[in-house]
Each structure stands twice: as C-alpha cells, then as structure tokens.
Amino acid sequence: LHHSGDVGRQAGLGAEATEAGGSPAGGPAPAGSAARPSGHSCSSSEISWALPDTSHVSHDDLTSQVGEVLLYYCYCEVKDPEKLCAWQKALCQHLHLTGKVRVASEGINGTVGGSKVATSLYIKVMLSQPLFRNILCQEDFKRSAGGAHCFQDLRVGVFKEIVPMGIDPKIVSYKETGIHLSPQEFHREVEQYLSQASQGQSDTILLDCRNFYESKIGHFQGCLAPDIRKFSYFPSYVDENLELFKDKRVLMYCTGGIRCERGSAYLRSKAVCREVYQLKGGIHKYLEEFPDGFYRGKLFVFDDRYAICSNEDIISACRYCGVLWDQYKLCSSQHCRQLVLTCPSCCNKGLTACCPVCQEKELKVTSRASGQTLKEECQCTRRRPRVPIENVSPRMLDTGK
C-alpha cells in the first residue's frame with residue numbers, strides 16, 4: 001500500500017495518466033478543464049493505480065473520528081471492473097476509510113466515511129482518475145457529518161449492477177434516463193404540482209422510488225411512496241400499476257440520484273408516461289439548498305446513523321405507543337434484520353422487536369443449538385405484499401392525496 005504509487009509509476013501508468021492530461025497522483029483536477037459533457041462518455045478507460053501521498057499528513061489527521069461521509073456514483077464504461085475494485089480497496093485502506101463501494105462494468109457507486117483530510121484526498125484522487133475524468137466533478141460527492149465510525153467495516157466488490165434493480169443493464173440502460181432537474185428546478189416543479197393538486201387539476205405524479213422504511217421517516221409532501229422493501233421490487237411495482245402512470249408527468253426522486261437513473265429508464269421503457277423527470281443529486285442535494293423546502297422529516301441513510309436531518313419535523317411514530325418518533329433501531333431478534341421505530345419508553349419496557357413474532361423468537365433463539373439459523377419470517381414480512389397494487393383512483397391522484 002505504501003509503495004503502490006511508486007510501483008504504478010515504474011510500470012508507466014503514471015506517465016500515461018500525465019500524457020492524457022491528468023494531474024500527479026493525488027493531485028486535484030486541472031483548473032479550467034473542459035465543461036462536463038451531458039452524456040456519460042469517457043475519454044479514457046485506463047485505470048491509474050496511483051495512491052495519494054500522505055507523508056505530510058499525521059496519522060491522527062487521517063484517523064480522526066470527526067469527519068464526514070461521502071455518497072457518490074458514476075456511470076461510465078469500465079472494461080476491467082476487477083482492477084478498479086482492487087484499486088478502490090487499496091485506496092480506501094490507504095486513507096483509513098470504511099464503507100461500501102460497488103463496482104460494475106457500468107460504473108461505480110460508493111458511500112465511504114473517514115476524517116475530512118482523508119475524504120478530501122479521496123475526492124482529489126477520484127477526480128484525477130483517468131476513468132472518471134470529465135464525468136465526475138466536485139458536486140457529485142454528497143457530504144454529511146460522520147466518519148469511519150459510521151460503518152462497521154470496508155466492503156468493496158464487483159457486481160452486475162452498481163444499484164441492485166435486478167434488471168440487466170444491457171436491457172435497461174442508464175443512458176435512457178429521464179430528464180434531470182436541478183434542485184431549484186425540482187423545487188419549482190413540486191411547488192407547481194402542489195398548487196395544482198390542491199385545486200384538483202394536476203396531471204403529475206411525485207414519485208418516491210425508495211423503500212417503504214425510507215419514505216416512512218421522511219418524504220416530499222404529496223408524494224406517491226410505494227410500499228416496497230427493496231429497490232429490486234420497483235420494476236414489478238411499475239408493471240403492476242401502469243394505469244397510475246398513463247399519460248402522466250412523473251417527478252422522481254431518491255436519496256442521492258442513482259436509483260432514479262435506472263428507475264426512470266425502466267419507467268420510460270414502458271412508454272406510458274407523458275414525461276419523466278428526476279431530481280439530480282437526489283434528496284441529499286435538495287436539502288443542501290432547501291433545508292426547509294417541501295421535503296419533511298429525516299433522510300434515511302444506509303449506515304449506522306440510519307438518518308440525517310435538515311429540519312425538526314417528525315412525521316413517523318413509535319410502533320408500540322404511537323408517540324412521534326423517527327430514530328430506527330435493528331430488531332432485537334438476532335435472526336431478523338428489520339428496522340423498528342421504538343421510543344425510549346417502550347424500549348425500557350422490553351419492546352424492542354419489530355413484531356410479536358420476533359419478540360417470541362428472540363426468547364427461543366437462545367435455547368437453540370449454536371450454528372442453527374432461523375429464516376426471516378416475521379409478522380412484518382408476512383403481512384407486507386412484495387409488490388403492492390395501488391388502489392388509488394385517478395381522482396385521488398389528481399388531488400394529490
């Protein structure tokens with residue numbers, strides 16, 4: 001790890017990156033570089049092995065608990081995903097970053113945490129990587145307070161998709177996305193939609209393409225939030241509810257924008273909507289500009305924080321007593337990975353499981369032989385249909401209810 005930068009230069013990769021117009025290893029993207037193209041094309045498919053020079057940085061600065069979490073993605077053609085994966089793992093370990101990075105032939109998707117010194121170096125190296133040059137920019141990295149402690153470990157792997165929708169990227173491509181709207185443009189669209197919906201005149205659907213437990217603690221006012229547990233259920237949800245989208249203008253949003261890239265492409269492939277738009281940068285970027293806008297509640301994140309907030313609104317309640325509460329915990333039953341909203345008062349009473357079935361299994365699991373596992377089958381999962389069919393009349397949609 002310490003000498004891989006030198007090894008890369010000895011192999012000539014550093015020279016190739018420089019000839020292609022790059023900056024030295026770990027350096028920032030060159031000033032005055034060409035504007036970002038509208039499409040997802042890439043000038044070079046070469047992967048540089050360079051790691052940033054950290055000799056001038058103290059160990060304490062690199063490993064400080066006070067830091068941030070980065071969320072980003074980049075769609076581009078990756079000819080050697082395994083090589084990119086190996087470089088990403090080495091880079092994150094070199095900078096003491098934790099988190100999750102998915103690599104595929106269609107690009108990269110990551111959320112990593114560490115000290116601010118480490119995350120800044122990470123961004124600089126990513127921007128100077130020949131594979132991402134002229135595609136990634138500073139704005140593509142969404143920042144939030146946190147650090148390496150927000151993740152249990154570092155997981156970097158090669159997958160078929162950088163966001164698991166369950167559809168072959170060759171069949172539904174990120175190249176066929178909806179129209180991207182900036183946070184300002186999306187804000188104006190939502191404002192207009194809510195105004196028209198209140199008068200029963202709207203021809204627009206404000207679609208949340210996240211999972212139910214995400215929209216439960218925070219969402220845009222007047223949205224349609226599918227009751228799905230995984231994004232891989234989203235295509236089936238669209239198929240089962242095509243009538244909802246017929247001849248409609250659809251405004252889509254998700255956490256950071258990546259699910260909308262594939263989700264909007266799938267919706268467009270059905271050729272039922274009049275227009276499909278998506279929020280560029282997702283809720284993350286919207287809240288940076290409109291912390292008290294039309295998004296209410298917390299923003300769910302996939303790390304040990306579970307949620308970040310920009311306003312004081314609490315829109316969800318404790319599962320047991322109904323008091324306003326929006327801080328998730330994992331179900332206390334070891335076999336279950338469901339999230340539960342249970343307030344401190346109910347926790348003190350021992351109500352820490354997601355449902356009565358899990359509460360009972362929690363007591364039984366301790367008496368079972370070690371190594372024997374229980375299949376996740378609780379009251380929550382049994383009652384929730386995998387693909388809900390919306391029983392919403394056109395009139396209700398038009399009034400935004």
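The values are calculated or read from the model by the stated rules, or taken from the named source; none is laboratory data. Everything numeric here is computed off the predicted structure, so don't read it as measured data. Counting neighbours? That spans all protein chains shown, and the Cβs are built from the backbone with ideal geometry, glycine included. Protein only, heavy atoms only, side chains kept; ligands, DNA and RNA dropped before computing areas. Shrake-Rupley method; radii C 1.70, N 1.55, O 1.52, S 1.80 Å.
Could you grab me the full set of residues in the range 267-291 that are surrounded by fewer than 21 Cβ atoms within 10 Å (Cβ to Cβ), of a type outside the set (S, T, N, Q) and in a helix (DSSP H, G or I)?
Selection gives 268, 285, 288, 289.
Looking at the range 306-316, which of the residues that are in contact with a strand residue (DSSP E or B) (Cβ under 6 Å, 6 or more places away or on another chain) and open to solvent by 40 Å² or more (accessible area, probe 1.4 Å) is nearest to residue 144 (Cα to Cα)?
Top of the filtered list is 306.
Farther than 26 Å from residue 312 by Cα, in contact with a His (Cβ under 9 Å, 6 or more places away or on another chain) and open to solvent by 30 Å² or more (accessible area, probe 1.4 Å), is that true of residue 175?
Answer is yes for this residue.
Which residue is farthest from the chain's Cα centre (by Cα), if the candidates are limited to the range 45-77 and must be surrounded by fewer than 16 Cβ atoms within 10 Å (Cβ to Cβ) and of a type in the set (Val, Ile, Thr)?
57
In contact (Cβ under 8 Å) with a residue 12 or more places away in the chain, assigned by the TED database to the domain that holds residue 253 and out of contact with any strand residue (DSSP E or B) (no Cβ under 7 Å at 6 or more places or on another chain): does that describe residue 128?
So residue 128 fails the test.
Sort out for me the strands (runs of 3 or more DSSP E) sitting completely within the range 112-197 that have 3 or more residues that are touching a Leu at 6+ places or on another chain (Cβ under 9 Å) and modelled with pLDDT under 95.
Of the strands (runs of 3 or more DSSP E) lying wholly inside the range 112-197, none has at least 3 residues that are touching a Leu at 6+ places or on another chain (Cβ under 9 Å) and modelled with pLDDT under 95.
So, in the range 114-140, exactly how many residues are open to solvent by 20 Å² or more (accessible area, probe 1.4 Å) and among the small types (Gly, Ala, Ser)?
Residues that pass the stated criteria total 1.
I'd like to know if the range 78-88 contains one or more residues that are aliphatic (A, V, I, L, M), within 22 Å of residue 50 (Cβ to Cβ), open to solvent by less than 10 Å² (accessible area, probe 1.4 Å) and not in a strand (DSSP E or B).
Within the range 78-88, one or more residues are aliphatic (A, V, I, L, M), within 22 Å of residue 50 (Cβ to Cβ), open to solvent by less than 10 Å² (accessible area, probe 1.4 Å) and not in a strand (DSSP E or B).
Being closer than 21 Å to residue 211 by Cα and of a type in the set (S, T, N, Q) is the filter here, so list the residues in the range 145-176 that pass it.
none
Within 22 Å of residue 289 (Cα to Cα) and surrounded by fewer than 21 Cβ atoms within 10 Å (Cβ to Cβ), is that true of residue 240?
The answer is no for residue 240.
Going through 336, 331, 309, 354 one at a time, which residue ends up being modelled with pLDDT under 95, of a type in the set (A, V, I, L, M, F, W, C) and within 19 Å of the chain's Cα centre (by Cα)?
Result: 309 is the single residue among 336, 331, 309, 354 that is modelled with pLDDT under 95, of a type in the set (A, V, I, L, M, F, W, C) and within 19 Å of the chain's Cα centre (by Cα).
Can you name every residue in the range 212-233 that is part of a loop (DSSP other than H, G, I, E, B), open to solvent by 10 Å² or more (accessible area, probe 1.4 Å) and under 20 Å from residue 306 (Cβ atoms)?
Correct list: 216, 225, 227, 229, 230.
How many residues, within the range 292-331, are of a type outside the set (S, T, N, Q) and closer than 20 Å to residue 207 by Cα?
Qualifying residue count, the range 292-331: 11.
Out of the residues in the range 330-354 that are closer than 20 Å to residue 301 by Cβ and assigned to a loop (DSSP other than H, G, I, E, B), which is most open to solvent (accessible area, probe 1.4 Å)?
Result: 337.
Please specify each residue of the range 72-124 satisfying the condition of being free of Cβ contacts under 8 Å to residues at least 40 places away in the same chain, out of contact with any His (no Cβ under 9 Å at 6 or more places or on another chain) and over 15 Å from residue 144 (Cα atoms).
Those that are free of Cβ contacts under 8 Å to residues at least 40 places away in the same chain, out of contact with any His (no Cβ under 9 Å at 6 or more places or on another chain) and over 15 Å from residue 144 (Cα atoms): 79, 80, 83, 86.
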